[in-house]
1. Through the Karplus equation 6.51 cos²θ - 1.76 cosθ + 1.60, θ set to phi - 60°, convert the phi angles of segment 109-125 into ³J(HN,Hα) values in whole Hz; use x for Gly and Pro.
2. With +1 on each Lys and Arg Cβ and -1 on each Asp and Glu Cβ, how big is the dipole of segment 107-177 about its Cα centre, in debye rounded to the nearest 20?
3. For Ser41, what charge total do you get from the other residues with a beta carbon under 12 Å from its beta carbon, if Lys and Arg give +1 and Asp and Glu give -1?
4. Give the residue from Leu36, Leu88, Ala13 lying farthest towards the positive end of the charge dipole for segment 2-103; charges sit on Cβ (+1 for Lys and Arg, -1 for Asp and Glu) and the dipole is referred to the Cα centre.
5. I'd like to know which of Ala148, Leu173, Phe117 lies farthest towards the positive end of the charge dipole of segment 102-179, counting +1 on Cβ of Lys and Arg and -1 on Cβ of Asp and Glu.
6. Hey, for a label at Val108 modelled as a point 7 Å past Cα toward Cβ, could you say which residues of segment 130-161 have their backbone N under 20 Å away?
7. Among DSSP beta bridges lying fully in segment 108-179, give the percent that are antiparallel, nearest 5.
8. Suppose the chain between Lys21 and Val54 were pulled fully straight at 0.36 nm per residue; how much longer would it get relative to their current alpha carbon spacing?
Amino acid sequence: MAGDITTIARPYAEAVFERAKEAGQIAAWSEALALLSAVTSDPQVAAQIGNPTVPRESIRDLVLEVCGDALPAEAVNLLKLLTLNARLDAVCEIARLFEERRIADEGVRHVLVRSAFEVDAEQQEALAKALSKRLGGQVDLEVETDSALLGGIEIRAGDLVIDDSVRGKIKQLAHALQF
């Protein structure tokens, strides 16, 4: 299901990003999408969005009322389009994909680093510097500790995966022994 919502949301996010970039309003769109995401992810509103007996127009009007004048006209049009196409449930994913695209457009790559042990600030700085050089741009480093790795480190930057964990090496060995 999560893949489905991403598939639905991606064209909207791409179109909104291109329009925002063309108009020089990336920051304004970022704020508008964050607001729409916050409103539609509210448990009470989300329950109404998922309720087939509630007219979509009523939900749209509710969201517009909650947002007030904080939404620019084009964001209101997006909300109307999403309502018309029964895609209000995709707002949060559209906002997430928009932010992903905004960060990538700024030349910053989000990198998830999972380590079996705690990574201190000095190690994070060295890792960020090395990854910045390898990826050819600025990196936004997110570090998680995962004892299931047993030892070592796993790095994910988009489609790039560098698995230098003990668990990864055991899997590779097991796979090699199967043949």
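Values in this text are rule-based calculations from the coordinates and carry no lab data. All figures in this text were calculated on a predicted structure; none of them were measured in a lab. With ideal geometry, Cβ positions are generated from the backbone for all residues, glycine too; neighbour counts draw on all protein chains shown.
1. Each residue's phi maps through the Karplus curve to give 9, 7, 10, 9, 10, 10, 10, 5, 10, 4, 10, 6, 4, 5, 5, 4, 5 Hz.
2. Dipole size: approximately 360 debye.
3. -2
4. Comparing the listed Cα positions along the dipole, Ala13 ranks first.
5. Result: Leu173, furthest along the dipole toward the positive end.
6. 130-144, 156-160
7. The antiparallel proportion sits near 55 percent.
8. Once the chain is fully extended between Lys21 and Val54, it gains 8.4 nm.
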